[in-house]
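Presented below is the structure to which this report refers.
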Amino acid sequence: MNWDDTTDEAAAAAERLVGSVADGEDQAVEAALRPKDLGEFIGQEKVREQLDLVLRAARARGATADHVLLSGAPGLGKTTLSMIIAAEMGAPIRITSGPAIQHAGDLAAILSSLQEGEVLFLDEIHRMSRPAEEMLYMAMEDFRVDVIVGKGPGATAIPLELPPFTLVGATTRAGLLPPPLRDRFGFTAHMEFYEPAELERVVHRSAQLLDVEIDPAGAAEIAGRSRGTPRIANRLLRRVRDYAQVKADGVIDRAIAGAALAVYEVDDRGLDRLDRAVLEALLKLFGGGPVGLSTLAVAVGEERETVEEVAEPFLVREGLLARTPRGRVATPAAWAHLGLVPPPRPGGSGKGQQDLFGA
Ligand code: ADP
C-alpha cells in the first residue's frame, strides 16, 4: 500500500494515539493481529453475513467473486476484509491505493499483470485520477482495457483482454464515488463504528496474540476509550501493555489501564489533548459558542484544517459539539464532560446553552 500519499490532515491524525490512520508501528504489528477468516472477524454482523453468502455462491459456481465496495472510516477493517476475501476464495491479493494511481498507464500495468481470480484491493479509490477511473469502468465490466499507444492524431487504442479478477474498493464514504463507478460493484458494504462490547473482544483477542495478560475490566476500560475503532483499540492496548510492564507486573486490570491512558492523555471517552483543548476553548473562552472555526483554531493554536478534520468529526459524532450556520456550539454533554456549568444567558431563561438545543 502506498502510505506516503496521505493528506496533511491524515498525517496529523496519524501522529495521535487516538488517530484512526495507521502509523509506522501499526503497520508493523497489524499483520500479526489481522483476523484471517470471516469467523475470526469480530462484529459487523450484517456485512459478514452478506459477504459470506457472496463468497460461498461464487465458490459454488467456481467463479470469481463480484466486485466489492467497502465504505467506512479508517481503522474499521477494510484492508483486513479484503485479505479475508482473497483467503476465502483461495486467491492471491494485490494491494494498492487511489493516490498511487495517477496515470491510466499505472492502472493498466497493474491490471495486465493480475492472475486469474486475483483480488485487487484499491484503498482510497475515490482519490484515483479521472483517466484511471474511466479505464477501471471497462476493466470491471468487460475485463478489458484499451491501452493507448502514441500521441495526438496517430494515437491508437490497443485492446487488451484481462483475466477475471475481483476488485475490492475501499473509501471513507461511498458518496464520494461517481455513480458510474459505484454502480459497477456487485456488492457494497458499509462498515459501522464498533460497539464497546465488540471492541472488548478485539482487545482480548489481540492481547492473546501479543501474549499479554488482561482481565475483563481492563479490556472494557481500553475498549471504552477506543472511539469505536479496532485500530485504536489495538494501539491503546500496546501502550497500556508498556505501562503495565514498567510500572506493574505486566498484568492489565482496570486501574492499570486507567492510569496508563491518563499518562497518554486519553480520557474516559477517548478524547485526547487536542479534542479537550478545542472543547475547553469553546466552553471557557467563548461561553460555549457559537464561534467561528478560524477563531476557535487560533484559540487552540492549531490550523483551521486540523481542528475541522482531525478534532471535530469525533466531537460531533460523540454529540459534544455541533456545527451550526452561526458557528461551532458546545452541547450540554460537552459542559457535563468537562465538569463545567453553562453560564446563564443574559435575559434568557437561565438555562444558558441548553436553549440552543431546545432542552
Ligand atoms: P482499514 O483498512 O479500514 O483502515 P484495517 O483492516 O487495516 O482497517 O484494520 C486495522 C486494524 O484493526 C488491523 O490490525 C486489524 O487487526 C484490526 N481489526 C479491524 N477490524 C477488525 C475486526 N473486525 N476484528 C478484529 N480486528 C480487527
Residues satisfying the stated conditions in the stretch 195-218, i.e. without any contact (Cβ under 8 Å) to a residue 24 or more places away in the chain and away from the ligand (no atom under 13 Å from the Cβ)
Asp211, Pro216
Restricting the search to the stretch 306-322, which residues are outside any loop (DSSP other than H, G, I, E, B) and exposed (fewer than 14 other Cβ atoms within 10 Å of the Cβ)?
Arg317
Before we move on, is Ile148 within 30 Å of Leu236 (Cα to Cα) and either assigned to a helix (DSSP H, G or I) or in the same structural domain as Arg56 (by TED's automatic domain parsing) (or both)?
no
Given (1) more than 15 Å from the ligand (Cβ to nearest atom); (2) under 21 Å from Leu81 (Cβ atoms), Lys151 misses just (2)
Specify which of the listed residues (Ala132, Ala170) is among the aliphatic types (A, V, I, L, M), in the same structural domain as Gln102 (by TED's automatic domain parsing) and part of a strand (DSSP E or B).
Ala170
What pairs come up if the first residue lies in the stretch 285-296 and is touching a residue at least 12 places away in the same chain (Cβ under 8 Å) and more than 21 Å from Gly339 (Cβ to Cβ), the second is of a type in the set (Lys, Arg) and surrounded by fewer than 19 Cβ atoms within 10 Å (Cβ to Cβ), and their beta carbons are under 9 Å apart, counting only those six or more places apart or on different chains?
Pro290/Arg326; Gly292/Arg326; Leu293/Arg304; Leu293/Arg323
Sole residue being hydrophobic (A, V, I, L, M, F, W, C), crowded, with 20+ Cβ neighbours inside 10 Å, within 11 Å of the ligand (Cβ to nearest atom) and not in a helix (DSSP H, G or I), chosen from Leu38, Leu70, Leu81
Leu70
Would it be correct to say that Gly75 is farther than 20 Å from Ile222 by Cβ and small (Gly, Ala, Ser)?
no
In contact with a Leu (Cβ under 9 Å, 6 or more places away or on another chain), basic (Lys, Arg) and at negative phi - does that describe any residue in the stretch 161-180?
no
If you take the residues in the stretch 165-211 that are aliphatic (A, V, I, L, M) and open to solvent by 10 Å² or more (accessible area, probe 1.4 Å), which one is modelled with the lowest pLDDT?
Ala174
Residues of the stretch 229-265 that turn out to be crowded, with 23+ Cβ neighbours inside 10 Å, in contact with a helix residue (DSSP H, G or I) (Cβ under 7 Å, 6 or more places away or on another chain) and either of a type in the set (Gly, Ala, Ser) or touching a residue at least 60 places away in the same chain (Cβ under 8 Å) (or both), as a count
8
Criterion first (over 19 Å from Leu177 (Cα atoms), within 24 Å of the chain's Cα centre (by Cα) and either assigned by TED's automatic domain parsing to the domain that holds His204 or at pLDDT 95 or above (or both)) does Met89 satisfy it?
no
When every residue in the stretch 266-282 that is part of a loop (DSSP other than H, G, I, E, B) and more than 16 Å from the ligand (Cβ to nearest atom) is compared, the one surrounded by the fewest Cβ atoms within 10 Å (Cβ to Cβ) is Asp268
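Across the stretch 84-112, what is the number of residues that are within 14 Å of the ligand (Cβ to nearest atom), part of a helix (DSSP H, G or I) and hydrophobic (A, V, I, L, M, F, W, C)?
Start the filter on the stretch 84-112 by keeping residues that are within 14 Å of the ligand (Cβ to nearest atom), which leaves 84-87, 93, 95-98.
Imposing the further condition that a residue be part of a helix (DSSP H, G or I) reduces the set to 84-87, 98.
Now drop any that are not hydrophobic (A, V, I, L, M, F, W, C), which leaves 84-87.
The total comes to 4.
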Determine the pairs where a residue that is under 17 Å from Leu261 (Cβ atoms), located within the stretch 15-34, has a partner that is open to solvent by less than 30 Å² (accessible area, probe 1.4 Å) and in a helix (DSSP H, G or I) with Cβ atoms under 6 Å apart, the partner being 6 or more residues away or on another chain.
Val18/Ile232; Gly19/Ala13
Hits in the stretch 18-31 - residues which are more than 8 Å from the ligand (Cβ to nearest atom) and open to solvent by 30 Å² or more (accessible area, probe 1.4 Å)
Asp23, Gly24, Glu25, Gln27, Ala28
Is at least one residue of the stretch 213-222 in the same structural domain as Trp335 (by TED's automatic domain parsing), among the β-branched types (Val, Ile, Thr) and touching a Lys or Arg at 6+ places or on another chain (Cβ under 9 Å)?
no
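The values are calculated or read from the model by the stated rules, or taken from the named source; none is laboratory data. This one's a predicted model, so the numbers in the text were calculated from it and none came from an experiment. Heads up, the Cβs are rebuilt from the backbone with ideal geometry, glycines too, and the neighbour counts pull from every protein chain shown. Surface accessibility is based on the protein's heavy atoms, side chains included, excluding ligands, DNA and RNA. Shrake-Rupley method; radii C 1.70, N 1.55, O 1.52, S 1.80 Å.
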